[in-house]
1. With respect to Ala205, is the statement that it is at pLDDT 85 or above, exposed (fewer than 13 other Cβ atoms within 10 Å of the Cβ) and within 22 Å of Ile329 (Cα to Cα) true?
2. Could you figure out which of (1) aliphatic (A, V, I, L, M); (2) without any contact (Cβ under 8 Å) to a residue 60 or more places away in the chain; (3) crowded, with 24+ Cβ neighbours inside 10 Å isn't true of Leu332?
3. Considering each of Leu405, Leu413, Leu427, Leu442 in turn, give the residue that is crowded, with 20+ Cβ neighbours inside 10 Å, touching a helix residue (DSSP H, G or I) at 6+ places or on another chain (Cβ under 9 Å) and at pLDDT 90 or above.
4. If you take the residues in segment 15-32 that are modelled with pLDDT of 85 or more and surrounded by 12 or more Cβ atoms within 10 Å (Cβ to Cβ), which one is nearest to Val68 (Cα to Cα)?
5. Name the residue, out of Val126, Val157, that is modelled with pLDDT under 70 and of a type in the set (Val, Ile, Thr).
6. Being β-branched (Val, Ile, Thr), at pLDDT 85 or above and surrounded by 15 or more Cβ atoms within 10 Å (Cβ to Cβ) narrows it down to one residue among Val73, Val65, Val84; which is it?
7. Test each condition in (1) touching a Ser or Thr at 6+ places or on another chain (Cβ under 8 Å); (2) surrounded by 17 or more Cβ atoms within 10 Å (Cβ to Cβ) for Ile109 and report the one that comes out false.
8. Would you confirm, using the coordinates I've provided, whether Lys230 is of a type in the set (Lys, Arg), surrounded by fewer than 20 Cβ atoms within 10 Å (Cβ to Cβ), assigned to a helix (DSSP H, G or I) and within 21 Å of the chain's Cα centre (by Cα)?
Amino acid sequence: MSVVVIASLAIFVGILFFLYGQQKKENTLSRLVLLGLVFGSAFGLALQLIFEEGNPVIAQTLEWVNVVGRGYVGLLKMIIMPLVLVSMIAAVVKLEKGGALGKISGLTISVLLATTALSALIGIMVTQAFGLSAEGLTEGARETARIAALEARADRVSDLTIPQMLVSFIPTNPFSDLTGARSTSIIAVVIFGVLTGIAARKVMAEKQELESPIRTFVEAAQSIVMRLVKMIMALTPYGIAALMAKVVATSSASDILNLLGFIVASYVAIALMFVVHGVLVSFVGVSPKEYFQKIWPVLTFAFTSRSSAATIPLNVEAQINKLRVPPAIANLSASFGATIGQNGCAGIYPAMLAVMVAPSVGIDPMDINFILSLIAIIVISSFGIAGVGGGATFAALIVLPAMGLPVTIAALLISIEPLIDMARTALNVSGAMTAGTITSRLMKQTVKDEELETQQA
């Protein structure tokens, strides 16, 4: 390790100590996250400006910085499955009306799919407004390799049917799903938790003497897991700083400039969909301004981590404590939203690609039949994205062949994929929280102050 690398790491460690000092002063999490984002971005930009792109000093420095960033993401992933399982069991056990669970699930999924349809429409309109097309996209060595990989994967994906995708949600081996072994493990754990909770309610009804021990056990397990979540959330500013440092330091200025039109159009579409989320929550009596103020630390983490699944603990915590969404609804919307109806990855992205590539095969992208067919396929495929691994690329691999379009365009955008994926992931998470908020208000179920104090104690 060179002296320059050591000096760079010393500066980063100084940033971490600064954040620790601010945390000791009992600053709010929102302020600490903002500080982490600003200082992490500044550190990453300094690395790129001083050493230039591709310099080994940057790679060596980020290798150690990633210990903090990846370590934090790893800790969040560690608690996803215990949080989902315990929270779902507790939510069902504490549910006043057993029949309400079906209504909550149905309403949550309906909102997720409806917002996905809206996001697809916005993606289509914005792409057309910017006049984007697949013509002129350059193909380098990376892109060529990516095209071959995607075409091979597309063949496997095209063989999957919607029923097969739905069957993959069933928890055939709950213990395996708790390890995250499958792309649909989160939904499988949700289903297993719900079934376990229902079984617990039936036992409580049949054997009155077991009601108190079961409730005590569930309460204790939930308290321990939520305390663990709180402990790990305290590390958020440090994780954000490390993740932003990596993002900024590794972003290629030339790639960004070459595909600037697509980047700008993507962010415009994503911004418009955020506006739609604000409008939707306003319909159920929630101020859009307050809504985004309360959830923006969660969106910031989603932006930097590019992982909807890893954001689930923060998502659930914000919904319960900030938006007053009951635990049952919060856990369902966060879990389903990470794997079903992703507004950014499954909605906007494949819609934009389809409109861009359609003229190359003689299809008018503004033909009403094409638009309606595209939106319908996007909505259906968004429900099954998790069955084939999830993510924007897999959404594109399902949608494009279904519309008779080539998948090569997904490979040609690989160089700027991370930059756009950050915003798409934040939109995915916002969509999940929007679904939870709307469901909570329509069901007339909110967390009361005394319940919130009990959970935080």
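1. Considered against the rule, which asks whether it is at pLDDT 85 or above, exposed (fewer than 13 other Cβ atoms within 10 Å of the Cβ) and within 22 Å of Ile329 (Cα to Cα), Ala205 comes out as no.
2. That leaves (2) as the condition not met.
3. Leu427
4. Leu16
5. Just one listed residue meets the conditions, Val157.
6. Just a single option satisfies the conditions, and that option is Val65.
7. With respect to (1) touching a Ser or Thr at 6+ places or on another chain (Cβ under 8 Å); (2) surrounded by 17 or more Cβ atoms within 10 Å (Cβ to Cβ), Ile109 is out only on (1).
8. Considered against the rule, which asks whether it is of a type in the set (Lys, Arg), surrounded by fewer than 20 Cβ atoms within 10 Å (Cβ to Cβ), assigned to a helix (DSSP H, G or I) and within 21 Å of the chain's Cα centre (by Cα), Lys230 comes out as yes.
The values are calculated or read from the model by the stated rules, or taken from the named source; none is laboratory data. Please read all numbers here as calculations on a predicted model, not as lab measurements. Cβ coordinates were reconstructed from backbone atoms using ideal geometry, including for glycine residues, and neighbour counts include every protein chain displayed.
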